[in-house]
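Engineer: I'd like to ask some things about the structure below.
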Amino acid sequence: MEYAQHCRRLIADNKAEPSVYDTMPTGPEAPPEHIILDENIKAQEYDYYSIGAFKVRRLRNFARNRF
């Protein structure tokens, strides 16, 4: 199975308002990547797996998913 891994990194300029056009920094100087949802792990016990909705709340760092 190959499902998505939803990841994030800290934004270097946290004073700027986040945008859908932001890109994740890469390379050796980039902050560590945090996997907030690994669909491969969630899908292990199912023949078919699909996330109905996924949203990360900025202030509470809370990931919600619905099966």
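Engineer: Expressed in nm to one decimal, what extension gain is obtained for the pair residue 50 and residue 2 from 0.36 nm per residue of sequence separation less their Cα-Cα distance?
Structural biologist: 16.1 nm
Engineer: Further question on the same structure: Using only alpha carbon pairs under 8 Å that are at least six residues apart, calculate the relative contact order of the range 4-45 and give it in whole percent.
Structural biologist: In percent, rounded to a whole number, it is 64.
No value in this document is a laboratory result; all are computed from the given coordinates. Computed from a predicted structure; not experimentally measured.
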